[in-house]
1. How about the range 87-128: which of its residues are of a type in the set (Gly, Ala, Ser) and under 17 Å from the mean Cα position of the chain (by Cα)?
2. Mind telling me which of the residues Gly125, Gly130 ends up being in contact (Cβ under 8 Å) with a residue 24 or more places away in the chain, within 25 Å of Gln93 (Cβ to Cβ) and in a loop (DSSP other than H, G, I, E, B)?
3. When you go through (1) farther than 12 Å from Phe161 by Cβ; (2) touching a Leu at 6+ places or on another chain (Cβ under 6 Å) one by one for Ile85, which number turns out not to apply?
4. Considering each residue of the range 69-86, count those that are touching a residue at least 40 places away in the same chain (Cβ under 8 Å) and among the hydroxyl-bearing types (Ser, Thr, Tyr), and give that number.
5. Inspect all residues belonging to the range 135-158 and state whether any of them is in a loop (DSSP other than H, G, I, E, B), in contact with a strand residue (DSSP E or B) (Cβ under 8 Å, 6 or more places away or on another chain) and under 14 Å from Leu74 (Cα atoms).
6. Is there a residue being of a type outside the set (Lys, Arg), in contact with a Lys or Arg (Cβ under 7 Å, 6 or more places away or on another chain) and at pLDDT below 95 anywhere in the range 83-92?
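The values are calculated or read from the model by the stated rules, or taken from the named source; none is laboratory data. Bear in mind that the values here come from a model prediction, so they are computed numbers and not experimental data. In this analysis, Cβ positions are derived from the backbone assuming ideal geometry, glycine residues included, and neighbour counts consider all displayed protein chains.
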Amino acid sequence: MKSSLRSARLLRLGLALVAAASLWSTASNALAAPPKGPTPTPVANADDEDETPDPSTITLPGTVIQRPGDKGYLSLTLQGGSLKISFYDKNKQPVAPDVARARAHWQPKQVHAEENAILSPAGDGQSLVGNRFVAPPFPLRISLTLLSEKDGVVETDSVMFKP
């Protein structure tokens, strides 16, 4: 009698484990699977004029730096712990960098030495990404130097960076 009761309990436990594993598998597959079907693309009406959003209503990510003249804006963010500079025109639309690379330097609060990073072109063609991890605590005063291949220093900025 005890063995049949024990067998029934083990059978119920086994069924519960199989059900839980199946549910786990289904949930993880649903999260990992890409959406089914093509992504709908917006269709422009022939009546619409070229409507560009008002630049004053666009919010750029990260710490924003307005560039001198009509060069537009820079957006300083963290990507994987490294600095990333994205470039935008005067209408706050993404553009390709007009510099070859950048140098960033800052004084971390927990270290008594200056940290440096070289930011090189990223794969997206619209940003520069650093080669050093930027350790908290934040905010940090970061000095940027934008460099071109031919002319050397193009522009310098200093900003209080808060990711």
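1. Ala96, Ser120, Ala122, Gly123, Gly125, Ser127
2. It is Gly125.
3. (1)
4. Residues in the range 69-86 being touching a residue at least 40 places away in the same chain (Cβ under 8 Å) and among the hydroxyl-bearing types (Ser, Thr, Tyr): 3 in total.
5. There is no residue in the range 135-158 that is in a loop (DSSP other than H, G, I, E, B), in contact with a strand residue (DSSP E or B) (Cβ under 8 Å, 6 or more places away or on another chain) and under 14 Å from Leu74 (Cα atoms).
6. Within the range 83-92 (the criterion being of a type outside the set (Lys, Arg), in contact with a Lys or Arg (Cβ under 7 Å, 6 or more places away or on another chain) and at pLDDT below 95), the answer is no, since none of the residues qualifies.
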